[in-house]
Amino acid sequence: MVYMARMSLLSSDSLDTTKDQLLVKTEITRTAIELRNWWANCPPSLRDQSNDWRRQPRPRKLTVSETLEEEGISSIRSCMYACVIYLHHILDPLAQEIQPYEVKQAIHGILDIAKETPEGYGLEMGLYFGLFMAGIAIHNNPEVEDILRRRLKADTGVSIYVSHPSPIVAC
């Protein structure tokens, strides 16, 4: 979240003509390096999670807690990929340069996670930032655009947040 907030400020600064754009680009580069270092120091279970973890044969079924932890890891990975796209988007908001390989990998990673995430359980909520950023970086690819639209479409009948009406207590 700290990196996302910093990137939001950098995005604003990059559009501000009164700011020294060389300093802004230097800060973007510094943020990208810090993000890569943070990611490199994350546990391998986070960085290296397989996208097909739901389909892997296991001696026993995952508990609810273990499943939610794995879902959380998928969401974190999607968010990390989204941050990579966001940093490049700040540097080239009109996509005038050739898309860097790192961005292509990030888009692919987000799409792979989204394709493996079951629909209808509210799990998409953890992928929204990644899906949105992948959508920003996709151009003229109707198949991928359709996947993104479908996954970003909110199903108001499903939520990971349980709503319990508060009991009315008579005084």
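Where a number appears in this text, it was derived from the coordinates with a stated rule and is not lab data. Note that the structure is predicted; figures quoted are calculated from it, not measured. When we count neighbours, we look across all protein chains shown, and the Cβ atoms used for this are built from the backbone with ideal geometry, even at glycine.
Taking the listed residues Arg55, Arg77, the one that is closer than 13 Å to Thr117 by Cβ and loosely packed, with under 13 Cβ neighbours inside 10 Å is Arg55, with no other qualifying. Among the residues making up the stretch 86-118, a single one is closer than 17 Å to Leu68 by Cβ, assigned to a loop (DSSP other than H, G, I, E, B) and out of contact with any Leu (no Cβ under 9 Å at 6 or more places or on another chain): Pro118.
Scanning the stretch 45-67 for residues that are within 15 Å of Leu127 (Cβ to Cβ) and either under 17 Å from the mean Cα position of the chain (by Cα) or of a type in the set (Ser, Thr, Tyr) (or both) turns up Gln49, Asn51.
Among the residues of the stretch 11-30, is there at least one that is under 20 Å from Gly135 (Cα atoms), under 18 Å from the mean Cα position of the chain (by Cα) and not charged (D, E, K, R)? The answer is yes, given that some residue of the stretch 11-30 is under 20 Å from Gly135 (Cα atoms), under 18 Å from the mean Cα position of the chain (by Cα) and not charged (D, E, K, R).
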